[in-house]
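Asker: Let me give you the structure first, and then I'll get to my questions.
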Amino acid sequence: EEPHGAAPVDFLQELPSCQSARRRRGDTQERRPALLGTAGSRGAAARELPQERDKLADRPAREQPKCMAEKRRTRDFQQADTERLSRWKKWKRTSSKSLKKALSEVKGLSSYLVLWRHDIHSIEGKFGTGIQSYFSFLRFLVLLNFIIFILMFSFVTLPTVISKYGLFNSTIAYISPKNRDDVCTVYEPGGNKGLVYFYTYLKDLLSGTGFLEVTRLFYGYYSIDAVWISIMRYNLPLAYLLATFAYLALSFLWIIKRSVEGFKHNLVHDADPFQSYCNKIFAGWDFCITDPSAARLKHRSLQYELQTDLQEEKLKQKIAERRMEEKLRIYSLRIFINIIVIAILSGCFYSIYKVTVFSQEKSNDIYNANSLVNLLVQYLPSMVITLANFIGPLIFSFLIRFEDYTPAFEIKLTLLRCVFVRLASIGVLLFSLWSQISDCGNDKCKPCGYNYKLYPCWESDVGQEMYKLMIFDFIVILAVALFLDFPRKLLVTHCSCKLVQWFGHKEFEISDNVLEIIYGQTICWIGTFFSPLLPAIATIKYFIIFYVKKIVLIHTRKPAARPIRASSSNFFFLVVLLIGLLLAFIPLGVSIAHIPCSKACGPFRNFNTSWEVIPDTIIQFPTGLQQLLFGMASEAFAVPFFVVLCILMFYVIALARAHKRVVEQLREQLVLESRDKMFLIRKIAEAQR
Amino acid sequence: GAMGGSASLIPRDLLGEYQELTFLSKQEILLAYKRFSELLPKEERENACSARVPKSQILTLPELRANPFQHRICHVFSTSETRDDSMSFEDFLDMLSVFSNSATADIKSHYAFRIFDFDDDGTLDRKDLEQLVNCLTGQGEESRLSSAEMEQLIQNILEESDIDKDGTINLSEFQHVVSRSPDFASSFKIVL
């Protein structure tokens, strides 16, 4: 291979590709190469000029990389050009220009409507884009919950409000139970009878029982068959179910749209875009940082990251060279540690199950219905879950040190385990609730299909559990900020004893904070079916959490050792949020389609399961439409559809593979061309001497 | 208010022209005018549109003072004939336009290339990359990478981005590698 340094540099400057790059820069300070043949090259350059101009003139002036004076000249030239065009093209160009102007005006005005624009901008300036991405994510969740609330409110709660106050000539038709003497339909929500102390209201507010149970907050209120608005019949049960599906679909589509926007992964080339060195070097500096101390932190964290990555690369080489005994030892150690992890997880889940069963049994005990103990017993599952969510990550980050992975993989694996603990604990809680509800030993559920004595209106009970989880989560976040972060900061700043200094300032751990809010969001998604006004509570909760976290960040932050990149953080948030949403589908699917709904309350009283509302409505459609819909759900349609999808998928995969091959060939070609170029230049230089 | 006052100092047709020739909105241009005139001494604020601000003054802006590429930015966007890197208002608008939210990826990568090209020769060679990495890790001897680490790092960068394997990164290769970089659009941004 010829050494590259031997090629004469001045020749390279005369190449057409170099000249065109210079011209695109509009370089007025160009250094003209003073060599023989410059007259010829200038002639060639002059010939190039009209071609270049045509290509660039197609783009509007502001998209060209020139200084303002030259952009003016280009624009004037383009306008002179327009004069020569036909009337149709002229009109098209002027109308597109005015449309763009109008759009930019609208965009400028709507930027004022964006929530927290100034706060997030100042956070970005002081802490960089990594931490700013967390706050943008919070803002996204506030908006999402608000929209879900508007959806559920307008389709489910608003009709009941309208008909209650008789607006627009509306009336309610309540559901009459099919068989009045049926023991399943007996439901007497507690209410507060007799002498009530003030703190009972507080207790009811915190646990969703008592006066809250009969309000619009929970499923049990909506025992409405239809709402008549003048002559229109509004089918509330159908609306309830469809609104549920709508908010799930809306969340799913919005999350997918957001993740596609920010993620430009090129599937043709295999390298991981987040870990590439070019990404870290060329996009490494956040140009929005305005604070010099933040800049110093950024420099240090960049240096640390680069050094760690370079070391990790060397480590990977070492790992590849491991001997057989080493490998055996490490794999058996990993299996052993994974078994420990699974044992710990099972222990957590079993304790959640036991505590939930205990809490459900004890809270139905009427003897101490109004005492503080009862409140604590009701909150016991939430407390155990929060404890598990707190201890789990500590144990995982301790254990993973023994497994001898590369640092980047360690972080990913610990994160995965923490995500699993958080989301699975909600699933275990729901599972234990359902095992109680469908506990059919001793013929407890013979007439109704579920345990009607303890849970006459089981959907409201599940709604109450979700409500309690959400409230407790909110209280914990506030309490941790008030009673852990601030005292810690005060201690570390004012007390100089060694133990306290070793403890140090608290890092703003993005992954922990994100898992917290995703856990809350999953609860909201599951709970909205059982408690339609829950998204409003979630919106207010996230709104307050934004300010709490912002204050905590500004006052107690310690620089994180590894820098946080906005793009990989965004990707991580959205993937985990999507996992939470998909996990929320499971309990909802089981409740809607499998468990018999309660006969004593709710819009689906007269149906076996909530899903039955839909076949019931379809039967009322005209026969043609009915047949079409039933046909679409049958096997005769599904199997060919599936086969066609598979064929499409194979085609697209084959196409991608073909493109990949072409790209590889072109890359090889480019390398060869470059070597040829160097060779020829050297030959010409030799021939000239 | 301050906004109303500065609106009357930029003639309306000039404002419209700036909106057409840059990616900035009207409010952003007015804000830029306000910040630019604050850099000038009081006597010159009347005709800020045609004044030139020396480099030392520009570097006092909070958006630039903490930036390791501040000198390169001034050099690239300055159209001063005396090559003293002073900036006029139009240069300032050009700079904000490239760094704004709505600028195309093409423009951003083009100017990023010019900013990173420390010796202005049209390609990023090893010396440019070394200076780039030193800018990123900070000033001072203890914040530099060792020469072995630097060598390894530059080797990795060239492996990822140098398609024709000539030891330098030209504009097209740079634009190609940056188009696949997920962080570039969000990090290469300055909003007043």
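Where a number appears in this text, it was derived from the coordinates with a stated rule and is not lab data. The structure displayed is predicted, hence computed values, not measured ones. Glycine also receives a Cβ, built like all others from the backbone with ideal geometry; neighbour counts cover every protein chain displayed.
Asker: Just to confirm the number: angle between the C-alpha axis of helix B:105-116 and the first principal axis of chain B, 0 to 90 degrees, nearest 10?
Answerer: The angle comes out near 70 degrees.
Asker: I've got another one for you. To the nearest 500 deg cm²/dmol, what mean residue ellipticity at 222 nm is calculated for chain B from DSSP H runs of n ≥ 4 alone, each contributing -39,500 (n - 2.57), summed and divided by the residues?
Answerer: Helix-only estimate at 222 nm: -16000 deg cm²/dmol.
Asker: Would you work out the charge dipole size for the protein assembly as shown about its Cα centre, treating the Cβ of every Lys and Arg as +1 and the Cβ of every Asp and Glu as -1, and quote it to the nearest 20 debye?
Answerer: Using only the charged Cβ atoms, the result is roughly 1340 debye.
Asker: Next question. Can you tell me the orientation of helix B:26-39 relative to chain B, as the angle in degrees between its alpha-carbon axis and the longest Cα principal axis, to the nearest 10?
Answerer: Here the helix axis deviates by roughly 90 degrees.
Asker: In peptide B:66-72, how many Cβ atoms from other protein chains are near each Cβ within 10 Å, on average? Let's see the in-between values first.
Answerer: Details: counts 14, 7, 4, 2, 0, 0, 0.
Mean number of neighbouring Cβ atoms from other chains: 4.
Asker: Which of the peptides A:210-220, A:239-249 is most tightly packed, and how do the rest follow, judged by the mean count of other Cβ atoms within 10 Å per residue?
Answerer: A:210-220, A:239-249
Asker: Sticking with this structure for a sec: Using the Kirkwood formula over every pair of different C-alpha atoms, what hydrodynamic radius in Å results for region A:346-438?
Answerer: Computed over Cα pairs of region A:346-438, the Kirkwood hydrodynamic radius comes out at 14.8 Å.
Asker: For region A:124-634, max minus min Cα coordinate along each principal axis, in Å, sorted largest first?
Answerer: That works out to 76, 59, 53 Å along the principal axes.
Asker: Lysine pairs in region A:514-643 with alpha-carbon atoms under 21 Å apart, 8 or more places apart or on different chains: how many are there?
Answerer: Total qualifying Lys-Lys pairs in region A:514-643 comes to 4.
Asker: Averaged over its residues, how many other protein chain Cβ atoms are within 10 Å of peptide A:294-307's Cβ atoms? Can you show the working numbers first?
Answerer: Numbers: counts 1, 5, 4, 0, 5, 9, 3, 1, 6, 9, 1, 2, 8, 5.
For peptide A:294-307, the averaged partner shielding equals 4.
Asker: While we're here: Which order do peptides A:633-646, B:55-68 fall in by mean Cβ count within 10 Å, highest first?
Answerer: Result, highest mean Cβ count within 10 Å first: B:55-68, A:633-646.
Asker: Based on alpha-carbon positions alone, could you give the equivalent ellipsoid semi-axes of the protein assembly as shown from the gyration tensor, as √(5λ), descending, whole Å?
Answerer: Values: eigenvalues 702, 231, 180 Å².
Its equivalent ellipsoid spans semi-axes of 59, 34, 30 Å.
Asker: Inside 10 Å of the C-beta atoms of A:60-72, what's the mean count of C-beta atoms belonging to other chains?
Answerer: So the per-residue partner count for this stretch is 6.
Asker: Here's a follow-up. Relative to the longest principal axis of the C-alpha atoms of chain B, give the angle of the C-alpha long axis of helix B:12-21, reported between 0 and 90° and rounded to the nearest 10°.
Answerer: 10
Asker: Which order do peptides A:408-420, B:109-121 fall in by mean Cβ count within 10 Å, highest first?
Answerer: Top of the packing list down: B:109-121, A:408-420.
Asker: Under the classification rounded if a/c is under 1.5, otherwise prolate if a/b is larger than b/c and oblate if not, where does region B:105-188 fall, given a ≥ b ≥ c as square roots of the Cα gyration tensor eigenvalues?
Answerer: Note, shape of region B:105-188 comes out prolate.
Asker: With N residues in chain B, what two-decimal value do you get for its Cα radius of gyration over 2.2 N^0.38 Å? Can you show the working numbers first?
Answerer: Details: Rg = 18.7 Å, N = 192, 2.2 N^0.38 = 16.2 Å.
Rounded to two decimals, the normalised Rg is 1.15.
Asker: Between B:N156, B:I115, B:N170, whose Cα lies farthest towards the positive end of the dipole of region B:105-188 when Lys and Arg beta carbons carry +1 and Asp and Glu beta carbons carry -1, centred on the Cα centre?
Answerer: B:I115
Asker: I've got another one for you. What's the magnitude of the charge dipole for region B:12-99 around its Cα centre, counting Lys and Arg as +1 and Asp and Glu as -1 at the beta-carbon? Answer in Debye, nearest 20.
Answerer: Rounded to the nearest 20 debye, it is 340 debye.
Asker: Assuming a viscosity of 1.306 mPa s and a temperature of 10 °C, what translational diffusion coefficient in µm² per second does Stokes-Einstein assign to region B:12-99, Rh being the Kirkwood radius over Cα pairs?
Answerer: 120
Asker: A further question on this structure: Dipole of region A:59-160, Cα-centred, from +1 at each Lys and Arg C-beta and -1 at each Asp and Glu C-beta, to the nearest 20 debye?
Answerer: 880
Asker: Give me P(r) over region A:582-689, computed from all C-alpha to C-alpha distances, binned every 10 Å, as integer percentages.
Answerer: Taking all Cα pairs of region A:582-689, the binned fractions are 11, 16, 20, 13, 10, 9, 8, 7, 5, 2, 0 percent.
Asker: Looking at B:G140, B:S181, B:L129, which one has the Cα that reaches farthest to the positive end of the dipole of region B:105-188 (charges on Cβ: Lys, Arg +1; Asp, Glu -1)?
Answerer: B:S181
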